[in-house]
Each structure stands twice: as C-alpha cells, then as structure tokens.
Amino acid sequence: MNIKSIAKKALSTVAMSALALGIATAGASAGAAPAQAAKPVNDYTIADRCGASWDTKTAEQILGQLNSYRKSKGAKPLKLDYLNLDWASFWTTSMARDDYFEHNPSNNAFGNAYPEVGMWGENIAWRTSNNASASSFMKGWKKSPGHNKNMLNKKWKGVGIALHKSSKTGRVYATQFFTENASYPIPNQKKTQDCKNYFGKKAYDKAKKDYKSAQSAYKKADKAADSTIKKLSKQRGKSGKTYAAYKSLKKAESSAKKYNKSISKLKSKKTLDKQTKLLKSKTKDLKSKTSKAKKYIKKR
C-alpha cells in the first residue's frame, strides 16, 4: 500500500475538526524509527511538486525566519536537506491534492528507511490563501508549545520546508520536517527552494541510472549475439536458413548499436527516457533473434 492510500485512511478526529471549523490548526510530532518498517513509496510526480501550487518564495521566507528565531533562542541554524525537502514536499502535496490535514503516518517508515537521519520531527499547518504568509505560519507554530519546541530543538540539524496550495479549496498547506542529522545538505542555501532545479536534477539522475541499466542489459545481449554470429558465420553457406538467420542477427545487432549512445550526449531527462525506451526495445529484439539463431545452430 502506498503512502497516499495509508494517509487517507489515517485521518484523525483532530484533523477533521480543523478542516470543519476552518481554523488554521497546526500539528506537531516527533519520533524515531521502529525496528521494522517498510520503505516508503513516493507516488507523486515532479509535475505535481513543481506546479503552480509549489510556493518557493514563502518557503524561503519561513526558512529565514525559522533560523533567525532559533538564533535568538540560542539554537544553531538548520541546513536545508535534500531528503527532508523531498519528504516534506511529498506529504504537503498529498494533503493539498486531496484536501486533508494529518501528520504523515509513514514518518516512522521514513526514519527506518533512512537511519542516517536519526530522530525526526514534523510541524504541519494550513492557512486560507489570503493569510498564507511566512509570518502567519511561523506565528501559529510559535504559539503552540509542541510546534515551538520542535522549531527550537537543539538536536535538529536538517530541515525541509514545503508549501502547496489546494486547487479545490484554495487552502495553503505547509510542512516543516526536521531531522537530527543533515545527511544530504543542499550546497547553495540561497537557492534552497528551487523546485524545478532540485526535483529536475533528481529526475535526470534517475533517468541516467535507468539508461545505464538499459546499457548494461544491451551489452550482455550484444555479447551473446556476437558469439552466435561467429558460429553462424562458419556454417552460413550450408543452407539458406542459416544465412538468413545470420543476416537477420547482424542487422539486429547493427540497429541496436545505434541506440547505445554516450550519456554525455543526452542532455535532458526527456532524451534519456526516450533513448532508454528505444535501447530496451532494440535489446529485446536482439535477444529474441539471438535465441532463435541459437536454437537453429543446435539443430544443425
């Protein structure tokens, strides 16, 4: 079961009351990973996260105000962390898209999947669109003892902040996700909330990984095809069928090689995805024709 479906079933009485009364209620939670938990599954796309609902400006302002507040209380500033930002964005998008208000029930699973983050804490809130400033969110969290304690916790080193606006109700949902360690800090803090660059880079990196995997599969198939071609070439003159199998396999191998390109030439996620799909298709064809040719050689 994915996170979204779990969360929709986990609505609490407090969360329902907050929505029903229309008040800007916030929530606070903290914890550590249990001994056993499933690794969370993220089922939202980059398009979901980087759409018009992603409020980068207010998130940056909240980060600035949060760190100024911590400094005034003797706590060190927090580093924006890739992992925290990813998690905060996922959950805030989920709440905004389906208009519910609840702590992420998979936070323990997150901690278990990424033990390097240590302890974690979460603040959530929502505001109407005409009252969704950074100061408004911070003021609400400061007034609540639990949220205030989370924001000033001296154990925290990493944070992720995300805001998303519901297209249905216009409510703006916000999440602060804190961790004991900043395991994947974002180098340039001045570009902390650049959604498209951040999630775009993650998507491109994943596309590169997928393409490399396709290349690995292709190389194995090509090696098998080469071996088969050599065997066919020794006997291709013996019958028309052998020669036909030889020619077909040579053609398939030549075609597949055209799609095994250097990653450095593939500059975008879109081109990588396209190339991965084509290479997989050509590899599948190459493996199929190699298999047929091998069966024919065995018969000889």
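Below is a table of values for the structure above.
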item: Net lengthening on full extension, Ala113/Lys143 (0.36 nm per residue, minus Cα-Cα); result: 7.6 nm
item: Over 26 Å (Cα to Cα) - which of Lys234/Lys292; Lys247/Lys280; Lys206/Lys251; Lys206/Lys292; Lys230/Lys277; Lys251/Lys277 fall in this group; result: Lys206/Lys251; Lys206/Lys292; Lys230/Lys277
item: Within region 207-229, backbone nitrogen closer than 18 Å to the virtual label 7 Å beyond the Cα of Ile297 toward Cβ; result: 219-229
item: Inter-site label distance for Ser288 and Ser268 at 7 Å from Cα along Cβ, in nm; result: 3.0 nm
item: Violating pairs (Cα-Cα greater than 20 angstrom) within the set Lys57/Lys208; Lys231/Lys295; Lys223/Lys257; result: Lys57/Lys208
item: Integer Hz, Karplus 6.51/-1.76/1.60 couplings in order for region 134-148, x for Gly and Pro; result: 4, 5, 5, 5, 5, 4, x, 5, 5, 6, 8, x, x, 6, 4
item: Anisotropy class of region 68-188 from Cα gyration tensor, a/c 1.5 cut; result: oblate
item: Ranking by accessible area, most exposed first, for Asp273, Asp81, Asp86 with a 1.4 Å probe; result: Asp273, Asp86, Asp81
item: FRET E, pair Ser281, Lys57, Förster distance 35 Å, beta-carbon r, rounded to 0.05; result: 0.20
item: Convex hull of region 88-157 built on C-alpha atoms - directionally averaged projected area, nm²; result: 5.5 nm²
item: DSSP-assigned coil residues among trypsin sites (Lys or Arg not before Pro) in region 87-196, each with at most 10 further Cβ atoms within 10 Å; result: Lys154, Lys168
item: Point-charge dipole on Cβ atoms (K/R +1, D/E -1) for region 114-192, about Cα centre, debye to 20; result: 380 debye
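The values are calculated or read from the model by the stated rules, or taken from the named source; none is laboratory data. Computed from a prediction, not measured in an experiment: that's the story for all the values here. Positions of Cβ are backbone-derived with ideal geometry, glycine not excepted, and every protein chain shown enters the neighbour counts. With ligands, DNA and RNA removed, areas are computed over all heavy atoms of the protein, side chains included. Shrake-Rupley method; radii C 1.70, N 1.55, O 1.52, S 1.80 Å.
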